[in-house]
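Right, one structure below, let's go through it.
What follows is calculated from the coordinates using simple rules that are stated; it is not laboratory data. What you see is a predicted model, and the numbers here were worked out from it, not measured in a lab. We place every Cβ from the backbone using ideal geometry, glycine too, and count neighbours over all the protein chains shown.
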Amino acid sequence: MKIFTIFLTLTLFINAKTINIAVAANASSVIDELISYYKQEHKEISFNKFIGSSGKLSAQIINGAPYDIFLSANKEYPNNLEKRGLGVEKPKIYAKGTLAIFSIKDYNISLNTLSSAQIEKIAIANPKTAPYGEAAKEALQKANLYTKLKPKFIYGESIGQTLTFTLKAADIGLVAKSQLFSKDLSKYKEGKNWIELDKSLYKPISQAMILLNKDVEVEKFYNFLSSKEAKNIFKKFGYIEE
């Protein structure tokens, strides 16, 4: 029995595969559940996650970062990588993301809350590096609020940093709706602490992924991300199913 156990352990070690995933900050919570689900039947696979803004992660890939899969917050970055010959195949849309107005304070939140005198600091992702920041800017411009509110903005490099600012430094923030479904934020309630921003104010955030390494195990996980099971997990985290 002991010999068998040693043999099994060695076999698992030899067959072990580590997959490196670059993940846009808005998907930092959902990727954990996706990995957890996948590992139920693929215990031999381990994962390294690299979380950041889509722009920064894309630049790292261009400069040789050894990522296997890139989950972006938009289509443009993966499309650019594919044009540069850095993708194994054309990018795929895996979900559509939406924006939310969020505060840990008990405001009666609406879009008009942003203009309130009691709101001194608004966290927003940098439109130059984060697709959710670009969408937030578009929404506020369409609502004729961007110029008025700009002096209140504090910018996060990614939507992840924007959420941190919203929790710790700002009165309110424009964050990814998906972030609000993490276990840590479950105490904050829709209608009280957050509302979804009107989707007619900005273009749908079609989020694409690209396969960067033609490895059998990497491809299996990449294909899993388009499966019915994965789509149900994305939906659970507030994404719109593609």
Segment 70-122: projected area of the alpha-carbon convex hull, averaged over directions, in nm²: 5.7
Cα Rg, Dmax, segment 99-201, angstrom units: 12.0, 35
Of the peptides 56-65, 100-109, 37-46, 161-170, how do they stack up when ordered by the mean number of other Cβ atoms within 10 Å, highest first? 161-170, 100-109, 56-65, 37-46
Tell me the label-point distance for the pair N79, D215, using the 7 Å Cα-to-Cβ offset, in nm and rounded to one decimal. 2.9
Rank the residues S29, S115, S186 as a footprinting-exposure proxy: fewest other Cβ atoms within 10 Å of their Cβ go first. S186, S115, S29
Based only on other Cβ atoms within 10 Å, what is the fewest-to-most ordering of V175, V88, V23? V88, V23, V175
Return the subset of K142/K183; K49/K92; K49/K235 for which the Cα-Cα distance in this structure is over 31 Å, preserving the input order. K142/K183
From fewest to most C-beta neighbours within 10 Å, the residues V216, V30 line up as V216, V30
Using only the alpha-carbon atoms of the chain, report the extent along each of the three principal axes, biggest first, to the nearest angstrom. 71, 42, 29
For each pair in K168/K189; K56/K128; K75/K128; K121/K177; K192/K228, compute the distance between the two Cα atoms and list the pairs where it is over 21 Å. K192/K228
Beta bridges by DSSP in the chain, antiparallel share as percent, to the nearest 5: 45
Tilt relative to the chain, helix 2-15 - C-alpha long axis, 0 to 90 degrees, to 10: 60
